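Only the coordinates and a few stated rules stand behind these numbers; no lab work does. The shown structure was predicted, so the numbers you read here are calculated from the model rather than taken from an experiment. Heads up, the Cβs are rebuilt from the backbone with ideal geometry, glycines too, and the neighbour counts pull from every protein chain shown.
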Amino acid sequence: MRGVASGILVWLVVTGVAHPALDLTPLSPAVKDGSVFFPPDLVENGRRNCEKYEWARQARDTVVAAAEPWLRMSDDEIWGLMFGPTITRSWMVWSNGFCPACRKPVPMYTWVIDALRLPWKVRCPHCGETFPKNDFYRFYLSGLDERGVFDASRADRALLYNVEHPDPSDPLHRFGVDDGEGWVEGDHRWRFIGAYLIYGQWKQLVLGGLRNLAAAYLATGDGAYAHKAAILLDRVADLYPSFDYSTQAVTYEQRLGSNGYVSIWHDACEETRELALIYDAIFPALGGDEELVSFLSAKAARYGLANPKASLADICRNIEDGLFRDTLRNQHKIASNYPRTPIAAATIMAVLDWD
């Protein structure tokens, strides 16, 4: 019945009748038994085309190359990419700001962020100086609590110094240092880490990693890509319900009450829809992945997670509850320009329970 309801909803979206305020929450969890948007015969045909045609082979090689950085990561490194909601996120470093080093204007989204090549840093597009000047990742690791989430009160504040000027007597010893809440100079605050979390860690390393791993799995059928994606997707699901952009993030240096999850509402809508498609894409590869169950169950035990991850069913339930059923219960977090929200909800419902 719920599969029929999903089909009706898709039709309502197409005909323009659906409204974002509709209650789309599934009545009860269903058992997913296959991919909805990636039929196996079409996926296999695509893989065969990669062997037959040069253009298809080039496309496959492109997505495989894009996924390579994440495939090289250990399972622990993949799991550790996702962060909690305890550091204030910021939609801009400083909306109308300048570089603290060269003093040239760097407004809105012009700071350069390349999380794979320069993790936990943002770079001035003019002088090339990177910020923050402290080793924030080391500081971050020192503050992880028993749940694997950063707690500023636990972090080692002795690490908050400019690593380019380690001498405490150096006048630049504290210059450009960000403890997660920004570098402050007079009345100015640069939220280097707050912006990096969204545009670097989240959009590039987490979402980018999931996107590339899922594409590589679809193109090759190699379960190693799906394995890495499942670890990351499951960890995102552990933490996703705890994100609330309206109370945890700033836009234009203010808490405007804008809804969202990790990102603000319009991006959160598209990101959550994409997460559903990624889960649907890798789902066929998860059956029989005993290493996945072993790894995630060990993490659940170590960090006291409510879901024991003792079986593939546990892992799927964690992903589906944490990412998708939570979204259906909290659609205000993905309320976006019509018809984006009902499209996202329809996609989620189809992925969860398409009969």
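Does the range 93-190 classify as rounded, prolate or oblate by the C-alpha gyration tensor (a ≥ b ≥ c root eigenvalues; a/c under 1.5 gives rounded; else a/b over b/c gives prolate, otherwise oblate)? Walk me through the intermediate numbers first.
Numbers: a/c = 1.83, a/b = 1.40, b/c = 1.31.
Taking the square roots of the gyration eigenvalues as a ≥ b ≥ c, the range 93-190 is prolate.
On the principal axes of its alpha-carbon atoms, the chain has extents of 68, 45, 43 Å, going from largest to smallest.
In this simple spin-label model, placing a label point 7 Å from the Cα along the Cα-to-Cβ direction at both residue 313 and residue 108 gives a separation of 5.2 nm. Can you give the Rg to Rh ratio of the range 38-148, both from alpha-carbon atoms, with Rh computed by the Kirkwood formula? Over the Cα atoms of the range 38-148, Rg/Rh equals 1.13. Remark: 117, 123 ranked as 117, 123, counting other beta-carbon atoms within 10 Å and listing the fewest first.
For the pair residue 270 and residue 76, the difference between a 0.36 nm per residue extended length and the Cα-Cα distance amounts to 67.1 nm. Over all other residues within a Cβ to Cβ distance under 12 Å of residue 209, the charged ones net out to +3, with Lys and Arg as +1 and Asp and Glu as -1. The local environment of residue 247, defined by Cβ-Cβ distances under 14 Å, has a net charge of +2 under the rule Lys, Arg +1 and Asp, Glu -1.
Here the Karplus relation 6.51 cos²θ - 1.76 cosθ + 1.60, evaluated at θ = phi - 60°, turns the backbone of the range 216-230 into coupling constants of 5, 5, 4, 6, 10, x, 7, x, 4, 5, 5, 4, 5, 4, 5 Hz, with x for every Gly and Pro. Rounded to the nearest 0.05, the FRET efficiency derived from the C-beta distance between residue 68 and residue 154 at R0 = 30 Å is 0.30. In the chain, the calculated helix contribution to ellipticity at 222 nm averages -13500 deg cm²/dmol per residue, counting -39,500 (n - 2.57) for every DSSP H run with n ≥ 4. Of 112, 250, the sequence from fewest to most neighbouring Cβ atoms within 10 angstrom is 112, 250. Each residue, residue 118 and residue 172, gets one label point 7 Å from its Cα in the Cβ direction; the gap between the two is 1.6 nm.
Shown is the FRET efficiency for residue 330 and residue 45, computed with R0 = 35 Å from the Cβ-Cβ distance and rounded to the nearest 0.05: 0.40.
Magnitude of the charge dipole for the chain, about its Cα centre and with charges confined to Cβ atoms of Lys, Arg (+1) and Asp, Glu (-1), is about 600 debye. The stretch between residue 147 and residue 54, if pulled fully straight at 0.36 nm per residue, gains 28.7 nm over its current Cα-Cα span. Remark: 352, 213, 42, 286 ranked as 42, 286, 352, 213, counting other beta-carbon atoms within 10 Å and listing the fewest first. Summary of the geometry: the range 186-223 and the range 79-152, compared by the centres of their Cα atoms, lie 13 Å apart.
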